[in-house]
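J.: A single structure is presented below for examination.
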Amino acid sequence: YFLDKSDKYDSRDVERLQQDDKWVENYLIWRHDVVDDTLKMIDESFQWRKEYTVNDLSESVLPKWLFEIGALFLHGYDKEGYKLFWFKVKHHTRDPKQQLDKKKLVAFWLEHYAKRDHGKPLTVVFDMAETGISHIDLDFVRFIVNCFTDYYPNFLTKIVIFEMPWIMNAAFKIVKGWLGPDAISMLKFTNKNDVQEYISGEYLPPHMGGTDSFKYSYPPLVDDDFQTPLCENGPITSEDEHESKEEIDADTKEAGELNEAQNLNQKKMNSIEQISKSEETDKTEVKPKNAKKALTTFKGPLLHISPAEELYFGSKETGEKKCLIVLTNVTKNVVAFKVRTTAPEKYRVKPSNSSCEPGTSLDIIVSLHGGFAASLQDRFLIMAAEMDQSSGAGVPELTQFWKEVPRTKVVEHRLRCHVIESSKPSSLTLKDNAFNIPAKTNEDLHLQLTHLLQINKRLEEQMNRCLWFQQLSVVLSLLSVTVAAFCFYLAYAQRS
């Protein structure tokens, strides 16, 4: 495909395909591991991406009025923790002259979210309240459906259709034909009485029976409602008052010990070897109580962040309420950071606003308190920006810094919450059975398998090195015997 159609692809997509295994895997999953079908999908989606200039879509290249009408936007989460992609059908009017720009708006939102949240799937909501025959645009609906079935692999969880008018029944029979047998099961026809089977009331507007007071407006782009925690220790509750000073001191001491071990890791090991180091750390029992060990690392331009995507909390029954975020400064300057959350009333973050020295690691302990339980909809945002050498790192300096730093210099990274039902530890040490992770979802098992494969790869490399040395020794031995034999032959020839 590449050789025949390289001029039809964006070189950035080709480069990403060669480097991003997760992207390749999503194509394979979406096409049931049939390689020919997968290649065909990659070919078609790459040509489409170049045609719509997906990699270059931004607010500046699309008409402002498209954002202002609010027909398409991302907001809130369903009950499984997946982001909601809203299509307010009543704001859409059929106009062939505007169709291309509207399709590019769909591509903009999908690409914007895919890059920001690492391709975590979406739930599409067709809000068809107050719609009629004038709003029917099958070509546009088909484009949205095709984006998920043909261009964005493994990116759709379900399509929630709210209050579809009876007059549109015939139209959606056609839509079902476009979806195919696999995707038809993703269609969920709902009304005010049953829509909360899929989306909780906190993310539904009042006309859908919910309590979400969100009102769409532009600018800025609609985003998660991240808030800075009230303070590092959170609001005072009766539970917090009974938390002993010894427990807090123990957390701090253990976190400090973990910091020292991680600093050694940075100096001695690459990112793969850090897995082995974390396994050794388990043996010495150096870890904060109830904190889940960081298994993956997001490598940003300013900070390396572990874990890369999810914070693992226990359910109310397990009582596991603490998680650890490890930040490592990979620059030559001080990096200021803030931790924000969509649920500041639930979480205590220590520290939530501080700085990290060059080449050092810093632990952030995130804990639930006040009897709250973690939710799949909860999100954390880590904001980081590089400070000048002359800037101080005290509270006043940081406050002033965040007021003045340009938005373009702030790097953001988001973390999701994952709720574990079992109380068993999620470590990956082989002695504890590497497959003994709680809440064995496909994603968890894939993560375990990936780490085991990495360990296996290192063992294979060590074996290959041993074999290489063995072969070298044999060759040298044979060479020595040959030289000795030749010397004896010369000596014998001279005597003769």
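The values are calculated or read from the model by the stated rules, or taken from the named source; none is laboratory data. All figures in this text were calculated on a predicted structure; none of them were measured in a lab. Counting neighbours? That spans all protein chains shown, and the Cβs are built from the backbone with ideal geometry, glycine included. These area figures cover heavy atoms from the full protein model, side chains too; ligands, DNA and RNA do not enter into them. Shrake-Rupley method; radii C 1.70, N 1.55, O 1.52, S 1.80 Å.
J.: Could you look at the range 57-208 and say what percent of its accessible area is carbon and sulfur, using a 1.4 Å probe and all protein chains?
T.: Carbon plus sulfur share of accessible area: 52 percent.
J.: Here is a further query. Quick check for me: using +1 on Lys/Arg Cβ and -1 on Asp/Glu Cβ, what's the dipole size of the range 11-52 about its Cα centre, in debye to the nearest 20?
T.: 180 debye
J.: Quick one: of K103/K188; K64/K103; K350/K409, which pairs are farther than 19 Å apart, Cα to Cα?
T.: K103/K188; K350/K409
J.: Collect residues whose amide H, placed 1.01 Å from N in the peptide plane, falls under 5 Å from the amide H of C417; neighbours closer than 5 in sequence don't count.
T.: Counting only residues 5 or more places away or on other chains, the set is L311, D378.
J.: Okay, moving on. Can you give me the accessible area per residue for the range 1-83, using a 1.4 Å probe, in Å²?
T.: Value returned for the range 1-83: 56 Å² of accessible area per residue.
J.: About the Cα centre of the range 57-208, how large is the charge dipole given +1 on each Lys and Arg Cβ and -1 on each Asp and Glu Cβ? Please answer in debye to the nearest 20.
T.: 240 debye
J.: Give me the accessible area per residue for the range 298-419, probe 1.4 Å, as a whole number in Å².
T.: Spelled out: the 1.4 Å probe surface of the range 298-419, per residue, equals 38 Å².
J.: If you take the square roots of the eigenvalues of the alpha-carbon gyration tensor of the range 1-126 and sort them as a ≥ b ≥ c, do you get rounded (a/c under 1.5), prolate (a/b over b/c) or oblate?
T.: oblate
J.: How many nm separate the modelled label positions at D101 and W166, each set 7 Å beyond the Cα in the direction of the Cβ?
T.: Distance between label points: 3.8 nm.
J.: Run the simple label-point estimate for E59 and F298 please: 7 Å along Cα→C-beta, distance reported in nm.
T.: Going from the E59 label point to the F298 one covers 2.0 nm.
J.: Sort 479-492, 115-128, 16-29 for me by packing, meaning the mean count of neighbouring Cβ atoms within 10 Å per residue, highest on top.
T.: Output ranking for 479-492, 115-128, 16-29: 115-128, 16-29, 479-492.
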